[in-house]
Amino acid sequence: MGAPLGGDGYRQKLRFRDGVARGRSNVNVLILMSDEHAAGVAGFAGHKTAHTPCLDQLSTQGTCFTAAYTSSPLCVPARASFATGQYVHELGAWDNAHAYDGSTPGWGHRLQAAGVRCESIGKLHFRNANAPTGFDRQIRPMHIHEGIGSVWMLDRSASAAQPERARNLLRPIGAGESKYNTYDRLVAEEAVRWLSDPAKTARPWVLYVGLVAPHYPMTVPREYLDLYDPDAIELPRLHPRNGHARHPWVDAMAAYMPIDESLSDPERQLAQQCYLGLVSFMDEQIGKVVRALDASGQRTQTLVIYTSDHGDNLGTRGLWAKGSLYKESVGIPLILSGPSVPMGKKCQTPVSIMDLGTTILEASGIGGTSGHGQSLLPIATSSDDLDRVVFSEFHAVGSPSGGFMVCDGRFKYHYYVGYEPELFDVLADPDEQEDLAGRQSHRGVLQSFERRLRAICDPEQMDAQAKLAQQRAMESFGGASAVRGLGTPGYTPVPDALLTQLPRSTDSD
């Protein structure tokens with residue numbers, strides 16, 4: 001069996017002098033993170049219609065990880081794990097109301113301690129801009145709404161179903177300019193400005209750039225929508241109306257947030273077209289930033305990382321947005337391009353968003369690990385390790401109990417507390433259509449994956465801890481009836497102050 005997530009990996013020793021790493025390389029790191037980009041919706045991923053020329057080029061210039069997963073298919077928990085390399089259950093980042101506040105040190109703090117310039121531009125989705133989350137400076141930082149986030153997610157009971165919120169979640173659907181689109185343009189402009197400033201790049205640096213697209217609402221500027229022929233958009237075949245029997249745990253989640261039921265077929269088709277348009281819009285913003293890096297003359301000494309926090313179900317199984325453990329939601333795109341990274345390679349070793357912190361530390365020459373992660377740099381240059389294990393979990397948005405995913409390069413296992421598990425052979429069945437959990441022939445595989453899960457955590461105990469934390473948080477806001485009207489209306493709004501043409505920044509400790 002290969003090294004599991006959290007193994008020794010490829011490590012270097014920390015050596016400090018007056019707070020600055022000695023012997024550190026001069027490799028910079030540019031992290032480009034989108035929001036809700038499904039791993040398969042890109043040209044480099046083999047999608048037939050997705051127009052992503054900038055990401056496709058980045059992929060040919062580096063290594064694409066074809067089995068990359070998030071630590072949790074929800075924004076705030078995933079980003080907390082990204083910042084620290086810790087599991088969601090270790091951080092208590094159960095939902096979009098429990099955001100990262102810097103109390104658990106992450107890779108950013110290590111960079112600061114080593115004297116490496118570490119700044120951010122755009123969406124982070126942490127507690128707030130004043131929390132010491134490891135950045136020297138935050139430019140146009142977007143965090144959870146009013147520091148409390150999606151408080152309504154705390155009540156996961158069936159009686160707290162959100163049909164009205166679900167009806168409006170993707171809307172408005174169609175051509176237009178949302179505040180998210182405007183914000184992303186400004187974030188890209190800020191990144192171009194940053195990379196063009198010799199004062200910023202005079203010494204080794206790490207820059208994080210966070211875009212919102214292709215996150216809903218499904219509103220996209222006309223020129224990107226028109227890249228796609230609506231008549232060529234096919235609705236997902238794997239759907240309850242076509243005979244697909246949803247797992248009871250998934251069915252309960254869908255009943256809590258019945259997005260698909262609120263859409264007509266023309267709206268479903270238009271939403272798919274808009275999502276593709278948003279991916280292309282995001283791709284163009286990525287291209288602006290990468291071209292600015294090229295123009296700065298630092299491309300050959302910079303590791304570029306592209307990824308997303310999680311995916312989107314996009315109507316498959318009658319599900320939209322995120323929250324499921326299926327590949328559409330839990331899979332993420334991941335590209336590395338830069339010094340010593342193989343060009344044009346497709347790496348099938350299972351990897352995680354939790355590996356990025358350790359990768360950043362290694363590329364910066366600091367070494368060591370960030371939480372449970374391993375550096376992707378030696379993984380990219382090694383033979384595929386299909387035995388490596390990756391873990392993800394979900395505790396929010398109407399899930400009746402904790403959901404846990406454990407996978408390697410061959411099998412993907414879903415454990416739902418109080419429900420029957422699922423097992424998929426992702427090599428033979430990449431679309432995860434045939435559940436093998438009930439087959440006698442796979443009983444041994446099922447048992448081995450449950451052992452792997454329980455080596456990471458006790459799922460029943462974690463489920464109880466999540467629900468207790470959410471109950472206590474609800475009580476602090478005045479109880480279940482009070483929280484249903486609190487927090488974000490559906491998705492985090494962009495504060496108007498971030499949409500001005502003037503640079504907006506926040507210095508952090």
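All of the numbers you see were taken from the coordinates with simple rules; none came from a lab. In this text the structure is predicted, and so the values were computed from the model without any measurement. Heads up, the Cβs are rebuilt from the backbone with ideal geometry, glycines too, and the neighbour counts pull from every protein chain shown.
Quick notes on this one:
- Sequence-separation-based contact order of the chain, relative, with Cα cut under 8 Å and 6+ spacing, percent: 28
- Cα-centre dipole for segment 393-509 with unit charges at Cβ (Lys and Arg positive, Asp and Glu negative), debye to 20: 240
- Remark: spin-label model distance GLN57-ALA202 equals 3.1 nm, labels positioned 7 Å along the Cα→Cβ axis.
- Per DSSP, loop GluC sites (Glu not before Pro) in segment 368-438 with at most 12 further Cβ within 10 Å: GLU434
- Taking 7 Å steps out from each Cα toward its Cβ at SER481 and GLU261 produces label points 2.4 nm apart.
- For segment 92-212: rounded, prolate or oblate by the Cα gyration tensor [a/c cutoff 1.5]: oblate
- Segment 86-147 shape via C-alpha gyration tensor axes, a/c threshold 1.5: oblate
- Phi angles across segment 90-99 convert, under the Karplus curve 6.51 cos²θ - 1.76 cosθ + 1.60 with θ = phi - 60°, into 3J(HN,Hα) values of 6, 8, x, 8, 6, 7, 7, 10, 10, 9 Hz, Gly and Pro given as x.
- For THR70, the shell of other residues with beta-carbons less than 13 Å away shows a net charge of -4, using +1 for Lys and Arg and -1 for Asp and Glu.
- For the chain: rounded, prolate or oblate by the Cα gyration tensor [a/c cutoff 1.5]: rounded
- Per-residue ³J(HN,Hα) for segment 260-271, Karplus 6.51 cos²θ - 1.76 cosθ + 1.60, θ = phi - 60°, Hz, x for Gly and Pro: 4, 5, 8, 10, 7, 4, x, 5, 4, 5, 5, 4
- Residues whose amide H comes within less than 5 Å of that of ARG117, counting only those at least five positions distant or on another chain, are VAL206 (H built at 1.01 Å from N in the peptide plane).
- Residues whose amide H lies under 5 Å from that of THR52, counting only those 5 or more places away or on a different chain, are GLY43; hydrogens are built 1.01 Å from N in the peptide plane.
- Stokes-Einstein D for segment 243-331, Kirkwood Rh over Cα pairs, 10 °C, 1.306 mPa s (µm²/s): 102
- SER352 long-range amide H proximity, modeled H, under 5 Å: TYR69
- Bridging of LYS346 to aspartates and glutamates at a Cα separation below 18 Å is possible for ASP56, ASP355, ASP384, ASP385, ASP387, ASP408, once same-chain residues fewer than 8 apart are set aside.
- Counting DSSP beta bridges with both ends in segment 16-501, the antiparallel % (nearest 5): 45
- Cα lying deepest toward the dipole's positive end in the chain, options ASN181, TRP205, VAL341, charges on Cβ: TRP205
- Separation of the LEU468 and ALA113 label points, Cα + 7 Å toward Cβ, nm: 3.0
- Per-pair calculated FRET efficiency, R0 = 25 Å: ASN168 and ASP231 via Cβ, rounded to 0.05: 0.35
- Alpha carbon centroid spacing (whole Å) that separates segment 388-441 from segment 247-270: 21
- Whole-angstrom gap from segment 308-332 to segment 28-98, using each part's C-alpha centre: 12
- Note that segment 55-61 has calculated 3J(HN,Hα) couplings of 5, 4, 5, 4, 5, 5, 8 Hz, one per residue in order, obtained from phi through the Karplus relation 6.51 cos²θ - 1.76 cosθ + 1.60 (θ = phi - 60°); glycine and proline are x.
- Note on segment 16-501: dipole from Cβ charges, positive end direction compared against LEU195, TYR415, SER401; the farthest Cα belongs to LEU195.
- Dipole axis of segment 350-509 (+1 Lys, Arg; -1 Asp, Glu on Cβ), positive-most option in VAL351, LEU486, VAL389: LEU486
- When only the Cβ of Lys, Arg, Asp and Glu is charged (+1, +1, -1, -1), the dipole of segment 70-154 relative to its Cα centre reaches about 260 debye.
- Between segment 136-156 and segment 167-181, the Cα center-to-center distance that results, in Å: 20
- R0 of 25 Å, Cβ-Cβ distance GLU450-SER157: FRET efficiency to nearest 0.05: 0.35
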